[in-house]
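*Asks:* Got a structure here, written out as structure tokens. Questions coming.
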Amino acid sequence: SRPLVVVAGPGATQVVRLSEGGAADPGFGSGGVAATGMQASTSVTPIARDSTGRVLVAQTSVDFDGSALRPVFELAALSGSGTADPTFDGDGRMRFVLVDGEAFADVLHDLVVSPDGELALLGQSGGRMAVLRVDAAGAPDARDCDAFNTYRIGPGDTSTAVASGGALRDGRIFLFGHAGTPAGGQLGDLVALALRPELLSADGFEIATP
């Protein structure tokens, strides 16, 4: 597969596909550049491919709902040719507003595609590790529980953040990051959290009530 580069701003988030020689690939989007339909991101913008060849781009943005700024987790799906996938939430992108979140503090860091095509956005919200599960059609995937959940690692008030994540063939989602209040150049404790499939409950950790 050819390399992809995400350009997150200013203005809007776009994806550039490169040829083997490093030039913009004219077979992708318009002159090698494809629009995601999302505004510029406020944080890191992870990218992934699924088993169908779609290009998936996730980001955090901020909305004003009339009373306060709210963080938003967004996900866009592009076809292999760089066009928006209309089967993904109707227009090629989905938005999940964190109504209890804190703008510019709640951010996503990674995008995981599981072997069965399920998607998971991994980040932080309210000082906890956060997971939003999304099905292949772009809808928050509740199954037997809420599609969004947060997890606190360790006792007391902690500052947690996700660095990266992954998925196993048995459906479990893994989050890797750090927990504990940072001090000086220290990040606190390094942690790994395994989430069971479907229920989004944690394996091997006692977690706070979401």
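*Asks:* Kindly establish whether T60 is touching a strand residue (DSSP E or B) at 6+ places or on another chain (Cβ under 8 Å), open to solvent by 50 Å² or more (accessible area, probe 1.4 Å) and within 16 Å of H109 (Cα to Cα). Spell out the reasoning first.
*Replies:* Working: touching a strand residue (DSSP E or B) at 6+ places or on another chain (Cβ under 8 Å): yes; open to solvent by 50 Å² or more (accessible area, probe 1.4 Å): no; within 16 Å of H109 (Cα to Cα): yes.
Against the criterion (touching a strand residue (DSSP E or B) at 6+ places or on another chain (Cβ under 8 Å), open to solvent by 50 Å² or more (accessible area, probe 1.4 Å) and within 16 Å of H109 (Cα to Cα)), T60 does not qualify.
*Asks:* Residues V72, V112, V57, V5: which one is farther than 22 Å from P140 by Cα and either assigned to a strand (DSSP E or B) or of a type in the set (D, E) (or both)? So that I can check it myself, show each step before the final result.
*Replies:* Values: V72 fails: farther than 22 Å from P140 by Cα; V112 fails: farther than 22 Å from P140 by Cα; V57 fails: farther than 22 Å from P140 by Cα.
None of the other options fit; the residue is V5.
*Asks:* Same structure, new question: crowded, with 17+ Cβ neighbours inside 10 Å, farther than 19 Å from P140 by Cα and either free of Cβ contacts under 8 Å to residues at least 60 places away in the same chain or among the polar types (S, T, N, Q) (or both): which single residue out of T83, T42, T52 fits that description?
*Replies:* Working: T83 fails: crowded, with 17+ Cβ neighbours inside 10 Å; T52 fails: crowded, with 17+ Cβ neighbours inside 10 Å.
Sole residue among the options that is crowded, with 17+ Cβ neighbours inside 10 Å, farther than 19 Å from P140 by Cα and either free of Cβ contacts under 8 Å to residues at least 60 places away in the same chain or among the polar types (S, T, N, Q) (or both): T42.
*Asks:* Could you say which residue among D63, D110, D89, D25 is closer than 24 Å to L195 by Cβ and over 11 Å from the mean Cα position of the chain (by Cα)?
*Replies:* On the way: D63 fails: closer than 24 Å to L195 by Cβ; D110 fails: over 11 Å from the mean Cα position of the chain (by Cα); D25 fails: closer than 24 Å to L195 by Cβ.
None of the others qualify; the one that does is D89.
*Asks:* Name every residue in the range 124-147 that is in a strand (DSSP E or B), of a type outside the set (G, A, S) and free of Cβ contacts under 8 Å to residues at least 60 places away in the same chain, in order of residue number.
*Replies:* Quick first cut of the range 124-147, residues in a strand (DSSP E or B) only: 124-125, 128-134, 140.
Of the ones still in play, those that are also of a type outside the set (G, A, S) are 124, 128-129, 131-134, 140.
Scanning the range 124-147 gives Q124, L132, V134, P140.
*Asks:* Right, another one. Taking the range 58-86, which residues are β-branched (V, I, T) and modelled with pLDDT of 95 or more? Before the answer, list the steps.
*Replies:* Initial filter on the range 58-86 (β-branched (V, I, T)): 60, 62, 72, 83.
T83, the sole residue that qualifies.
*Asks:* Considering only residues that are touching a Lys or Arg at 6+ places or on another chain (Cβ under 9 Å) and within 20 Å of G90 (Cα to Cα), look in the range 24-39 and name the one that is surrounded by the most Cβ atoms within 10 Å (Cβ to Cβ).
*Replies:* To start, the set of residues in the range 24-39 that are touching a Lys or Arg at 6+ places or on another chain (Cβ under 9 Å) comprises 24-25, 27-29, 32-34, 36-38.
If we keep only those that are within 20 Å of G90 (Cα to Cα) as well, we get 29, 34, 36-38.
Values: G29: 21, A34: 23, T36: 29, G37: 17, M38: 22.
Here the answer is T36.
*Asks:* Quick check on this structure: which one of D110, D106, D116, D89 is of a type in the set (D, E), open to solvent by 20 Å² or more (accessible area, probe 1.4 Å) and closer than 18 Å to P46 by Cα?
*Replies:* Working: D106 fails: open to solvent by 20 Å² or more (accessible area, probe 1.4 Å); D116 fails: closer than 18 Å to P46 by Cα; D89 fails: closer than 18 Å to P46 by Cα.
D110 is the lone residue from the list that is of a type in the set (D, E), open to solvent by 20 Å² or more (accessible area, probe 1.4 Å) and closer than 18 Å to P46 by Cα.
*Asks:* Take the residues in the range 189-210 that are of a type in the set (D, E, K, R), closer than 18 Å to L168 by Cβ and modelled with pLDDT of 70 or more, then tell me which one is least open to solvent (accessible area, probe 1.4 Å). Reasoning before the result, please.
*Replies:* Our first condition is that a residue be of a type in the set (D, E, K, R); within the range 189-210, this holds for 189, 196, 198, 203, 206.
Next, only the ones that are closer than 18 Å to L168 by Cβ stay: 196, 198, 203.
Checking the rest, the ones that are also modelled with pLDDT of 70 or more come to 196, 198.
Values: R196: 103, E198: 86 Å².
It comes out as E198.
*Asks:* Consider V16 against the criteria (1) part of a loop (DSSP other than H, G, I, E, B); (2) surrounded by fewer than 19 Cβ atoms within 10 Å (Cβ to Cβ): it satisfies all of them except one. Which criterion is unmet?
*Replies:* (1)
The values are calculated or read from the model by the stated rules, or taken from the named source; none is laboratory data. The shown structure was predicted, so the numbers you read here are calculated from the model rather than taken from an experiment. As a convention, Cβ positions derive from the backbone with ideal geometry for all residues, glycine included, and neighbour counts pool all protein chains shown. Just the protein is used for accessible areas: all its heavy atoms, side chains included, with ligands, DNA and RNA removed. Shrake-Rupley method; radii C 1.70, N 1.55, O 1.52, S 1.80 Å.
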